[in-house]
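Here is the structure we will look at, set down as structure tokens.
No value in this document is a laboratory result; all are computed from the given coordinates. All values reported here derive from a predicted model rather than from experimental measurement. Note that we place each Cβ from the backbone using ideal geometry, even for glycine, and neighbour counts take in every protein chain shown.
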Amino acid sequence: TPVKLSDYRVPDHVVTQVHLDVVLHPTATRIRATSEVAPHRQGRAGAPLVFDGDGLMLASIAIDGVALATDAYAATPDRLTIHQPPRGPFRLTVETVIDPQANTQLMGLYRSSGTWCTQCEAEGFRRITYFPDRPDVLAVYTTRIEAEKKAAPVLLGNGNLVEAGDLPDGRHYAVWHDPHPKPSYLFALVGGDLAVVTDSFTTRSGREVALGIYVEHGKEDRCAYAMDALKRSMRWDEEAFGCEYDLDVFNIVAVSDFNMGAMENKGLNIFNDKYVLALPDTATDQDYAAIEAIIAHEYFHNWTGNRITCRDWFQLCLKEGLTVFRDQEFSSDMRSRAVKRIADVRLLKSHQFAEDAGPLAHPVRPEIYHEINNFYTATVYEKGAEVIRALKVLIGETAFRAGMDLYLARHDGDAATVEDFIACFAEAGGRDLSQFFLWYRQSGTPEVSVATRHDAVAGTFTVTLSQRHRPTPGQTDKQPMVIPLAFGLVGEDGRDRPLLDEDGRQVAAVITLDEPQKTVTFSGHPTRPVLSINRGFSAPVALKTDLTAADLAFLAGHDGDAYNRWQAIQSLATEHLVGASRGNTRPGGADAIAAALAHVIDGAAADPAFAAQALTLPSEADIAREMGAEVDPAAVFAARKTLKLHLSASLGDRLAALRERFATPGPYSPDAASAGRRALVNVALDLWAASGDDARLAVVEARFAGADNMTDRFAALAVLAQHPGARREAALAAFRERYRTDALILDKWLALQAAIPEDGTLARVEALLADPAFAMGNPNRLRALVGGFATGNATQFNRPDGAGYAFLARVVTDTDPRNPQVAARLLQAFRSWRALEGGRRSLARAALERVAGVAGLSPDVRDIVDRMLSEP
Ligand code: ARG
Ligand code: ZN
């Protein structure tokens, strides 16, 4: 049965305090939960007490210390009901026994490489004890953890450590107390034999915070970057948002079996070790950047998520969209803002636009769900962040900051809604934001068309904008939205011209499109300016402009907005590649792209990281998305390959020269400037070697062998992987040998092979399923090999014989009984199946129907496959 936003009502019972007594055991962990329960003032008087459970077994139950008669309650695995609870406050004690070892779903309390750990968001706490497992029940938690000292010398909980000691028989315990009321999804505990790296941070008001990062023994030397990122995050949040840390301890634990990236449990963040561990020899520049961003993200949740949490799971974007926005701002301040913006928009378009265009489209704030775990999506996270960014453009920097301050002050301690959040900005900006709220309610990517007209005699330049909203699942008619489009009018000299209205008055550099259509006329243009619109990607829309190829080439070289310089090159290349994929190329198209890229290369010294982004061609997925329908992935691949060959030949010397010009001197450092130089050299290497010329591949092979850091080593390997032959196989074998004991690094090796665009790849992937480097039960391994194949290899996943689809369907149904969340995630690789050409479309449908026909699917996979197959 679906859950609906409109059905929200306050709980009948709340819990204000919980004492958890946890006795860790591999297969029989005992949890005694003592809760102070009270009827909710606005709840239904005299209602039965109903607590959530999931796979639980009740061992004992008592109210105010008195065991309950068996007819006074009912306990099933997924529910505890007390028929006639006391009418006033009471103390409920519930004991459950669970098996962490058998918990392969990795939700609730489970074991990862011998370590006990938890994941409770969204609904994992109910797998530990019966509880009102919903985010609007805020309680103060005290957790006593007991374990055999040898198995778990480290015992961690939320909040501050208040007591610890030894017990008879080689056992010990620790008591943690978290003074901040929180919902159950933020509960966490860890027990295990872990190494720790410590540091400290002094907050601006002088609080000393003990920082700890817990990792497997032997990995201590891989934590320095994460620790540094944590301290920078703590400082930045004070400076940028006035948010100060509020406990004496902040711990991070890295585990190797984790369903997602990381989790913001109060004072005890738990991370996928992929986003903690890094050394120059084990992590790429991209890995370093991801660690920085995710450490920051989880830390920033302490305010946006924990101090202010969500009333219900429909409000997920309240914490996730906002926290992504905050982590993007942090990374922008730490690195290059323009380059970060480009990387974020690339990710948004490749994931979120694709989601929005297919059967899984949903609003940033959904109104109905079957399985909440399936709503941790690019739409909720990334589009959720874009909407906040657009709000900032709309109301301006000052009002935005005032709105944030108001939100943080007014709602501290609340379980809030998106309405509460937006109301703060409406108040701070003194304007009605009800139309803006449509960004949260309407799914699909708005399409904005732009037409321009120049009148040389009158000296006017007229811009006509219109918006269009295609139907998406469950939404047919939509209303016009408010779309803030930052823009400039670029003169022949490459400089922005003054923005004057028809009466010659200066106007702002943002056009707010809030009607179906709007026309704006500018004066003072005896010659035609070139319109640069949606600068900085100010609104998350799909743009159709009337810019000519010559205009795009001009903007690529001259636009004062770096994002739009990049966008111009992308548009130029995308237009060409979409045409070529459909069998029509414009003569001179490839040369125009080569000329634009030559210009980028010649000016690369100004910002090498930007040049690297500009030299990166649109991906196959980008091209497919732009095509929209009847996509033949083989044709897309061929078109892209042809362009690469052209560029490899025509830019060869220029590309080769970049290696020397931008070599990074000295030992490896992960800083943004050095990373930018490496990115440029490596993207140039890929284009240069695209010719397949053996002499060039020999140079790549030498770079692989001689690299002194993972970034360059892996980049060279990735180039070699594109070219069949002995060099490739030897390099893959050498990489495997070098990192044979390091599963996390072998994930790169798995993913790279899964992405080889050749007919033999599916067989290679099948063979790798049996490789010791692979383990079906580990989410990182599955994502690397199977996810890498399904989302990173368009031609082979979309094989014309359907074998790629059949393979994914099989892995999904095999994985589902063990780990439904990961299975459901893998299945989303089909999200664009309806945009395929007919043959592949029917094969994809058949594979999805086979999944749908499997008996006993988890709610997670059932939800995805049903939506995937529902008629548009
Ligand atoms: N709150 C976590 C984060 O974004 C992610 C939790 C994901 N949970 C899930 N069930 N998929 O920081
Ligand atoms: Zn988050």
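So which of K518/K641; K349/K641; K383/K641; K641/K748 end up more than 29 Å apart, counting from Cα to Cα?
K518/K641; K383/K641
Excluding Y225 itself, what net charge comes from residues whose Cβ is under 12 Å from its Cβ, given Lys and Arg +1 and Asp and Glu -1?
Working: positive: R222, K231, R232; negative: D221, D228, D285, D287, E292, D671.
Net of charged neighbours comes to -3.
Grab the DSSP H runs of the chain that are 4 residues or longer, score each as -39,500 (n - 2.57), total them, divide by all residues and round the 222 nm result to the nearest 500 deg cm²/dmol.
On the way: 28 runs with 330 residues, N = 872.
It lands at -11500 deg cm²/dmol.
Using the Karplus equation 6.51 cos²θ - 1.76 cosθ + 1.60 (θ = phi - 60°), what ³J(HN,Hα) coupling, rounded to whole Hz, does each residue of region 712-729 give in order, writing x for Gly and Pro?
6, 5, 6, 4, 5, 4, 5, 5, 4, 4, 6, 10, x, x, 5, 4, 4, 5
Considering only DSSP beta bridges with both partners in the chain, what is the antiparallel share in %, to the nearest 5?
80
Hey, got the Cα dimensions of the chain along the principal axes, in Å, largest first?
The principal-axis extents, from largest down, are 89, 68, 58 Å.
Cα convex hull of region 36-109: mean projected area in nm², to one decimal?
Value for region 36-109: 5.6 nm².
Pairs of alpha-carbon atoms within less than 8 angstrom and 6+ residues apart define the contacts here; what relative contact order does the chain have, in percent?
8
Which one of G560, A486, A595 is farthest out on the positive end of the charge dipole of region 484-623, using unit charges on Cβ (Lys, Arg +1; Asp, Glu -1) and the Cα centre as origin?
In region 484-623, that residue is A595.
Over all pairs of distinct alpha carbons, what does the Kirkwood formula give as the hydrodynamic radius of region 739-862, in Å?
In region 739-862 this quantity evaluates to 14.5 Å.
Where the Cα atoms of region 213-371 are projected onto their three principal axes, how long is each span, largest first, in whole Å?
Ordered largest first, region 213-371 gives principal extents of 45, 33, 33 Å.
For a test of the definition: using alpha carbon positions, the gyration tensor, and the 1.5 limit on a/c, classify region 381-515 as rounded, prolate or oblate.
oblate
Using Cα centres only, tell me the gap between region 697-718 and region 142-157 in whole Å.
45
Would region 316-387 count as rounded, prolate or oblate if I go by the C-alpha gyration tensor, calling it rounded below 1.5 in a/c and otherwise prolate when a/b exceeds b/c, oblate otherwise?
Since a/c reaches 1.5 but b/c is at least a/b, the shape of region 316-387 is classed as oblate.
So how long is each side of region 131-202 along the principal axes, counting just the alpha-carbon atoms, biggest first, in Å?
That works out to 40, 33, 18 Å along the principal axes.
Taking the alpha-carbon centroid of each part, what is the distance from region 413-460 to region 199-235 in angstrom?
Using only Cα atoms to place each centre, the spacing works out to 39 Å.
What shape does region 820-872 have by the C-alpha gyration tensor, where a ≥ b ≥ c are the square roots of the eigenvalues, rounded means a/c under 1.5, and otherwise prolate means a/b greater than b/c and oblate the rest?
Prolate is the answer for region 820-872, as a/c is 1.5 or above and a/b outweighs b/c.
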